[in-house]
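See below for the structure under consideration.
The values are calculated or read from the model by the stated rules, or taken from the named source; none is laboratory data. Fair warning: this is a prediction, and the values are worked out from it, not measured in the lab. Neighbour counts run over all protein chains shown; Cβ positions are idealised from the backbone, glycine included. We work out accessible area using only protein heavy atoms, side chains counted, and drop any ligands, DNA or RNA first. Shrake-Rupley method; radii C 1.70, N 1.55, O 1.52, S 1.80 Å.
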Amino acid sequence: MFAKKEKRIKIGMNKALDALVGGFTRRTWQPASLAIALKNLLLSGKMASNVEAPERWYLALLGFAEHFRTSSPPKIRLCVHCLQAVFQFKPPQRIEARTHLQLGSVLYHHTKNSELARSHLEKAWYISQQVPQFEDVKFEAASILSELFCQQNLVDSAKPLLRKAIQISQQTPYWHCRLLFQLAQLHTLEKDLVSACDLLGVGAEYARVVGSEYTRALFLLSKGMLLLMERKLGEVHPLLTLCGTIVENWQGNPIQKESLRVFFLVLQVTHYLDAGQVKSVKPCLKQLQQCIQTISTLHDDEILPSNPADLFHWLPKEHMCVLVYLVTVMHSMQAGYLEKAQKYTDKALMQLEKLKMLDCSPILSTFQVILLEHIIMCRLVTGHKATALQEISQVCQLCQQSPRLFTNHAAQLHTLLGLYCISVNCMDNAEAQFTTALRLTTHQELWTYIVTNLASVYIREGNRHQELYSLLERINPDHNFPVSSHCLRAAAFYIRGLLSFFQGRYNEAKRFLRETLKMSNAEDLNRLTACSLVLLGHIFYVLGNHRESNNMVVPAMQLASKIPDMSVQLWSSALLKDLNKALGNTMDAHEAAQMHQNFSQQLLQDHIAACSLPEHNLISWTDGPPPVQIQAQNGPTTSLASLL
C-alpha cells in the first residue's frame, strides 16, 4: 500500500495484521480539465499552429475520451469508441501502444470485458518493448496486465511477466521498485512469505544503491511485517532496530517521514499485542497516537521528491487514522477496557463509512471486519449477545462480497460463533464451531486461542475427559507452550485451575490461579484478573474460609464492574450474597441478592432476544461460505440454567 505523490499509486503489501491487504489505484492518463480544454480548442480552430496533424486528431480523440470517462455518470462506451477510433488513423507505434494501454486500463477498471482488456494490455506490452525510451507505458502495461492475470486466477502467467518487467526496469528506479513491491505482494497473497521477503530484501538493497533511504525503509518495514507474520522474531528485532535508525535519520517530506514512523510503530504495537503484553505496549501505543495526531495537522503538499525512487508512501492519511483506531481497539479489548474499545470502534466505523463512499480499496473492508471481530467479543463480555449476533451476520455479509476476505477470516468467524454459542449455552454447537475453526486456521496464536476455549467447553460438559486431556497436553503452560503470547499462557493456567476446581482438587487449582494472577497483573490483563479472583473466591468459599473468599470476590466485582464483564458480575454477586449471609451481614446480603437478580434479568432478556433472531441459526453453519439467507425460528431453544 504505497502511493505515488502526484499521480497516486497505492501498492498493497499487507494483510491487516493478518493484516493488511491493499491494492493499486491507478494513474489517470489525462486530467479532465485538459481534455475539455483540448476539445474547446479543437472546436474553435484555435489549436496551436505548430501541432502536426497526427497529433491534432489524436489529442482531439483523447480529449473526448477523457471527457466521457470523467462524466457523471461515466460514459465508458463512448470513451472506448473514441479510443478505438485512434487505430483508424494507423498511428505510429508510440501512440498505438499508449492507446492499447488506455483501452486496456479503461476496460479493466470500468467493465467486465476482461478478455478484451487483456488483449489490449498484451498488445501495449508487446509494442512498447520495441519503442525506445517508453518506460511508463511499457511498465504500466506489465503492472496492470499482471493484476488482470491475478484476477483471472492466472498467477502463473502474472509471475513471469512481472519478473521480466523487473529485469528490464533496473534503469528506471520508480518502476523497478513498484514492480518489486507488486511481485512481493503477489507472493504474500499466495502465502509464500519466504519469496516475498527475498524480493523485499532485493528492493531494500536496490533503494540503498540508488540513494533512496526512504524507500529502503519501506522495503525493510514491509519485510519486517512479513517476518512478524512468520513469527521469525530473531530476524525481526535487528531489522526493526535498523528501521528505527533509518526513519529517525531520514530528512525529507514531513508527511512521508511521519508515515514511516506510523508504519514502524504499528509493527511494534502489533508485535507486543501478539505477545499478549498489554502493559508493555503502552509507551509505543502512545507514541503512535501522537504521531497520527501530528500527521493530521500537516499539509499534504504536491511537491514531488527529486529522487524518482521516493515516489511512494505507505497509506493515505485517512487510512492510517483508521488503522491507529484499530490497534487502539485491539489493545483496549485485550486489556479489558471495553467501553474504550467501544468508543474507538464507533469512531473508526464512522470514518470507514465515509471513506468507502469514495474509495473501494479492499483494505477498508479488511479494517471493518477486524474492528467488528473485536467489538463482537466486547459485546459478548458485556452481555449484549443479540447485538453481537447481528454484527456476526454483518461480517458474514462482508465476507460474501469478497472470497479473499472470507478465506482470510473464516476461522475467526467460526471462532466468534463458537464464543456466542458458549454465551447462550449451546455447547454442542460451540464444539462444532471451534472444531471448524481449527480446521481452517494455520495461525498458531488463533489455534491456541480456539483450543483454550474448546477446553472450557469440554470442562463445562463434564463428560469429555479423553478429548479434554488431549487438548490440555497441547496447551500445557508449564511445558512447551505452543506460542510466546503472555496472555494466552496466562489463560492456559486459568483453564487448568478451572478444571482442578471442578474436580475438587482445590490446592492445585489455587496454584494455577495464582500463576494466572501473577501473569495477568504483570501485563494489566483485567478480565483474566477478574476471572481468577472470583474463582479463587469461590474455592475459598467452598473451603469455608469466608474472610479470604470475601477478599477475592470484592475486588473481582469491582474490576468486573469497571470492564464491565456481565458474567463475572453475575458470578460475583451470587458469591457475595452467600458470603454476606454466612458472615451475618444481612443488609449487604440483601444488596448482593438484588444485584444478582438485576444481572440475571438483563442476561435472560438478552438471551431470549438473541435466540429469537433469525441470525441465531448461524450456529448450525459449519461448512462452505456463509449462508446467504437466514430463516427465522420460533423462539429460544436453549437454557440459562448454567448461568443462573
TODO: Give the carbon-plus-sulfur fraction of the accessible surface of the stretch 56-190 in %, rounded to a whole number; probe 1.4 Å, heavy atoms of protein chains only.
DONE: 51 percent
Task: Dipole magnitude of the stretch 192-254, debye to nearest 20 (Cβ charges: Lys/Arg +1, Asp/Glu -1, about Cα centre) - done: 60 debye
Task: Residue (of Phe481, Ile563, Leu298) at the positive-pole extreme of the chain, dipole from beta-carbon charges - done: Leu298
Task: Residue-averaged 222 nm ellipticity for the chain, from DSSP H runs of 4+ at -39500 (n - 2.57), nearest 500 - done: -24000 deg cm²/dmol
Open item on the list: With +1 on the Cβ of every Lys and Arg and -1 on the Cβ of every Asp and Glu, and nothing else charged, how large is the dipole of the stretch 387-469 about its Cα centre, in debye rounded to the nearest 20?
Closed with: 140 debye
Open item on the list: Let me spell out the model: positive unit charges on the Cβ of Lys and Arg, negative unit charges on the Cβ of Asp and Glu, origin at the Cα centre of the chain. What dipole size does that give, in debye rounded to 20?
Closed with: 980 debye
Open item on the list: Using a probe radius of 1.4 Å on heavy atoms only, what accessible surface per residue do you get for the stretch 56-190? Whole Å² is fine.
Closed with: 45 Å²
Task: For the stretch 398-547, the fraction of alpha-carbon pairs in successive 10 Å shells from zero, as % - done: 11, 36, 36, 13, 3, 1
Open item on the list: Rounded to whole Å, give me the distance from the Cα center of the stretch 355-416 to that of the stretch 82-101.
Closed with: 46 Å
- [ ] Would you mind computing Rg(Cα) / (2.2 N^0.38 Å) for the stretch 328-460, counting N as its residues?
- [x] 1.05
Task: 3J(HN,Hα) from dihedral phi, the stretch 578-584, Karplus parametrisation 6.51/-1.76/1.60, rounded to Hz, x for glycine, proline - done: 5, 5, 5, 5, 5, 8, x
TODO: Between the alpha-carbon centers of the stretch 107-129 and the stretch 601-629, tell me the distance in whole angstrom.
DONE: 46 Å
Task: Listed pairs Lys286/Lys343; Lys232/Lys347; Lys279/Lys562 exceeding 22 Å between Cα atoms - done: Lys232/Lys347
- [ ] Report the accessible area of Asp300, computed with a 1.4 Å probe over the heavy atoms of all protein chains in place, in Å² rounded to the nearest 10.
- [x] 50 Å²
Task: Between 0 and 90°, nearest 10: helix 526-542 axis offset from the chain longest Cα axis - done: 20 degrees
TODO: Mind checking which of Leu533, Gln390, His271 is farthest towards the positive end of the chain's charge dipole, using Cβ charges of +1 (Lys, Arg) and -1 (Asp, Glu) about the Cα centre?
DONE: His271
Task: Point-to-point label distance, Asn249-Lys191, nm (Cα→Cβ direction, 7 Å offset) - done: 3.9 nm
- [ ] Heavy atoms only, probe 1.4 Å: what % of the accessible area of the stretch 534-599 goes to carbon and sulfur, would you let me know?
- [x] 52 percent
Open item on the list: Let's test the formula: R0 of 41 Å, r as the Cβ-Cβ distance of Glu473 and Lys562. What FRET efficiency results, to the nearest 0.05?
Closed with: 0.70
Task: Whole-angstrom Cα spans of the chain along principal axes, big to small - done: 105, 56, 45
TODO: Using per-residue counts of other Cβ atoms within 10 Å, averaged over each peptide, order 269-279, 502-512 from highest down.
DONE: 269-279, 502-512
Task: Mean shadow area of the stretch 56-190, taken as a quarter of the surface of its Cα convex hull (nm²) - done: 8.5 nm²
Task: Partners for Lys354 among aspartates and glutamates (Cα-Cα distance below 16 Å; same-chain residues under 8 apart left out) - done: Glu318, Asp346
Open item on the list: For a distance above 22 Å, tell me the whole-number percent of Cα pairs in the stretch 247-350 that qualify.
Closed with: 34 percent
- [ ] Measure nothing but the geometry: give the 0 to 90° angle between the long axis through the Cα atoms of 427-440 and the longest principal axis through the Cα atoms of the chain, rounded to 10°.
- [x] 40 degrees
TODO: Find how much the distance from Thr111 to Arg208 grows on full extension, using 0.36 nm per residue of separation minus their present alpha carbon separation; answer in nm with one decimal.
DONE: 30.9 nm
TODO: With unit charges on the beta carbon (Lys/Arg positive, Asp/Glu negative), name the residue among Ala141, Ile76, Thr172 whose Cα is farthest towards the positive pole of the charge dipole of the stretch 56-190.
DONE: Ile76
TODO: Measure nothing fancy, just the Cα-based angle from helix 506-522's long axis to the longest principal axis of the chain, in degrees from 0 to 90, nearest 10.
DONE: 40 degrees
